[in-house]
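Here's the structure we're looking at; comments come further down.
The values are calculated or read from the model by the stated rules, or taken from the named source; none is laboratory data. Nothing here was measured: the structure is a model prediction, and the numbers come from that model. Positions of Cβ are generated from backbone atoms using ideal geometry, with glycine treated the same way; all protein chains shown enter the neighbour counts. Heads up: the accessible areas ignore ligands, DNA and RNA and are worked out on the full protein's heavy atoms, side chains in. Shrake-Rupley method; radii C 1.70, N 1.55, O 1.52, S 1.80 Å.
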Amino acid sequence: MPKKYEVITTPMKGTVYDISIWDDIEEYEDYDKLLETFRKITLKDHVNLYVPTPGGRCDIGFMLIDYIQNLECKVDVVVPYPTYSMGAIMSLSGDSLEIKPGGFLMFHDYSSGIARSKGNEIFKQTESYIETFTYKFNKICQPFLTKKECEDILNGKDLYIKWNDPMLETRIKRHFSKKGDKNE
């Protein structure tokens, strides 16, 4: 099984965790040890999360985002390279965001890989998932993305936000001012 992430720890006052998530987000078992690591992280620690990923499964991505958002310590997110889909959504789950030169975030509606199912099963699964995806997408991505941008994305329009976007700093301030500082 290829390695999907890396964790490097540096002891300081607490521990600094440098966590990189790359490759496709595909299977729950790929992240068992990462979830164990998340459970060990305390308020005294600090997480630097790097998300150079092409994205992947929404259910697994949303689970990882929930773990990240529930960490008590500060989580700084860095996008060092182009980051797509679930990776772009995940990049908004921390307490800050930095997009390195040459990097970008690509947002789009979810895609599905339903195979070998009856037509009515495919329809029911898709219909059921739309509500879940829409809720989680809006909750995580706003106000970094505007309500109109979220609507456009959910209606099939792709959106790229590059490292040199003139509105990037405004988006970052708007998004992270709603969250407050966990360490205050």
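Before moving on, here are some points about what is shown:
- Of all residues in segment 26-48, those that are more than 12 Å from LEU71 (Cα to Cα) and of a type in the set (A, V, I, L, M, F, W, C) total 1.
- Only a single item in (1) at pLDDT below 95; (2) closer than 30 Å to LEU154 by Cα is not met by THR10, and it is number (2).
- Pairs, first in contact (Cβ under 8 Å) with a residue 12 or more places away in the chain in segment 29-50, second open to solvent by 20 Å² or more (accessible area, probe 1.4 Å) and among the hydrophobic types (A, V, I, L, M, F, W, C), C-beta under 6 Å, six or more apart: THR37/VAL7; HIS46/VAL16
- Residue match in segment 89-112 (condition: of a type in the set (Lys, Arg) and either within 14 Å of VAL77 (Cα to Cα) or touching a Leu at 6+ places or on another chain (Cβ under 9 Å) (or both)): yes
- The single residue among TYR50, TYR84, TYR135 that is open to solvent by 40 Å² or more (accessible area, probe 1.4 Å) and out of contact with any strand residue (DSSP E or B) (no Cβ under 6 Å at 6 or more places or on another chain) turns out to be TYR135.
- Counted residues, segment 152-181 - those being touching a Lys or Arg at 6+ places or on another chain (Cβ under 9 Å) and assigned to a helix (DSSP H, G or I): 1
- When residues of segment 59-81 are limited to those that are acidic (Asp, Glu) and open to solvent by 50 Å² or more (accessible area, probe 1.4 Å), the one farthest from GLU131 (Cα to Cα): GLU72
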